[in-house]
1. Go through region 222-233 and count every residue that is outside any loop (DSSP other than H, G, I, E, B) and either closer than 13 Å to Tyr181 by Cβ or at pLDDT below 95 (or both).
2. Pick out the one residue from Ala150, Ala131 that is of a type in the set (Gly, Ala, Ser) and modelled with pLDDT of 95 or more.
3. Listed residues Ile200, Ile219, Ile236; which is out of contact with any Ser or Thr (no Cβ under 8 Å at 6 or more places or on another chain), assigned to a strand (DSSP E or B), at negative phi and not polar (S, T, N, Q)?
4. It is to be established whether one or more residues within region 175-186 are aromatic (Phe, Trp, Tyr) and closer than 21 Å to Gly246 by Cα.
5. Give me the residue from region 239-258 that is of a type in the set (A, V, I, L, M) and more than 14 Å from Ala150 (Cα to Cα) and, out of that set, nearest to the chain's Cα centre (by Cα).
6. Which condition breaks for Gly127 when tested against (1) on the phi > 0 side of the Ramachandran plot; (2) touching a Gly at 6+ places or on another chain (Cβ under 8 Å); (3) surrounded by fewer than 21 Cβ atoms within 10 Å (Cβ to Cβ)?
7. May I ask you to list the residues in region 122-142 that are in contact with a strand residue (DSSP E or B) (Cβ under 7 Å, 6 or more places away or on another chain) and more than 21 Å from Asp278 (Cβ to Cβ)?
Amino acid sequence: MPVSGGSPSSTPLSTSPSSATSVPAEPGGQSAWSSVRSLAWHSVMNRSTMGKEGPMSEPRGGYAGRTLRVDLDRASLTIEPTPDPDTWLGPRGWNALVGWSEVGPGVGPFDPGNRIIFSVGPLVGTGAPTASRTVVSTIAPRGYPTPMWATATMGGYFGAELKFAGYDSIIVQGRADSPCYLLIEDDHVSLEDAGELWGIGALRTQQALKTRHSRDHQIAAVGPAGENRVRFAAIIHRLNNAIGNGGFGGVMGAKNLKAIAVRGTGGVRIAEPKTFLDTVRAVTDLIARGLLAPGQPRPGPV
């Protein structure tokens, strides 16, 4: 059931230069990490690039500026401006704000009124080490003693691809009449029939969608466990990345949403590209030398 979603024109995202001079990391563990963390943050989030406060419609401050809302009840797709990042704390805070504002008391994990939200932070897609996580939140069926709001993160390339397509977040609500998957290709978004995919595993689903679309599409999918609302079902991306706790896969299955396939051809605007690349190299050096978490015990003689 193809449903196309339009979007406002967006400012082209610039990419960072291919080379930069590295700077030596400070010795001494925590002081070095504090220094490079500060540099990384300011080189991406430089206030001079963020413009006035309020909802975003263009990329600024490390964010793409757009949120995709998927209403499966109405088979509608709308693109909304991402709120000002100063009003919430990263993707985890944004997801919690959506849940607090939109999910009423008594809504269960498998109810159409539940939301499942996929969001990314300002460093996703920039090349910053360990930063490209996808943050997913929902009322999770595995909560004890009763289902509750939960958040989990997933590695891999899904989050970066979402940012490259021009989105900070996907908010999914409602329940589709029949199995479907969400296809995102830059400004073109649609709901596609997933009848032939229903009943097969998450890995085979990814293979089928890559064959149908391209090897470059990044896919998060559920298998039969999710389709049947198993309370510990996972959402699978690639071979070894997953939202593995909370039963988030069952929430997708309850919505008749088999998968999300994303392909983006944009980039991420960096406020100070050279400073950022220097910082990335310094952080990588800290990781290689084991200085990232100096408070942790190290192997050695007792």
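1. Quick first cut of region 222-233, residues outside any loop (DSSP other than H, G, I, E, B) only: 224-227.
Now restrict to residues that are either closer than 13 Å to Tyr181 by Cβ or at pLDDT below 95 (or both): 226-227.
The number of residues fulfilling the criteria is 2.
2. On the way: Ala131 fails: modelled with pLDDT of 95 or more.
From the options Ala150, Ala131, the qualifying one is Ala150.
3. On the way: Ile200 fails: assigned to a strand (DSSP E or B); Ile219 fails: out of contact with any Ser or Thr (no Cβ under 8 Å at 6 or more places or on another chain).
That would be Ile236, the only listed residue that is out of contact with any Ser or Thr (no Cβ under 8 Å at 6 or more places or on another chain), assigned to a strand (DSSP E or B), at negative phi and not polar (S, T, N, Q).
4. We begin by selecting, within region 175-186, every residue aromatic (Phe, Trp, Tyr); these are 181.
Subset that is closer than 21 Å to Gly246 by Cα: none.
For region 175-186, residues aromatic (Phe, Trp, Tyr) and closer than 21 Å to Gly246 by Cα: absent.
5. So the first thing to find is which residues in region 239-258 are of a type in the set (A, V, I, L, M), and the list is 239, 242-243, 251-252, 254, 257.
From what's left, more than 14 Å from Ala150 (Cα to Cα): 239, 242, 252, 254, 257.
Details: Leu239: 17, Ala242: 12, Met252: 15, Ala254: 21, Leu257: 17 Å.
Residue satisfying both the conditions and the ranking: Ala242.
6. Exception for Gly127: condition (2).
7. We begin by selecting, within region 122-142, every residue in contact with a strand residue (DSSP E or B) (Cβ under 7 Å, 6 or more places away or on another chain); these are 122, 133-140.
Matches in region 122-142: Arg133, Thr134, Val135, Val136, Ser137, Thr138, Ile139, Ala140.
Residues are listed down the side, and each one gets a yes or a no for (1) within 21 Å of Thr130 (Cα to Cα); (2) touching a residue at least 24 places away in the same chain (Cβ under 8 Å); (3) surrounded by fewer than 24 Cβ atoms within 10 Å (Cβ to Cβ):
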position: Thr211; (1), (2), (3): no, no, yes
position: Pro224; (1), (2), (3): no, yes, yes
position: Asn228; (1), (2), (3): no, yes, yes
position: Gly244; (1), (2), (3): yes, yes, yes
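The values are calculated or read from the model by the stated rules, or taken from the named source; none is laboratory data. Keep in mind that this is a model prediction, so the values were computed, not measured. In this analysis, Cβ positions are derived from the backbone assuming ideal geometry, glycine residues included, and neighbour counts consider all displayed protein chains.
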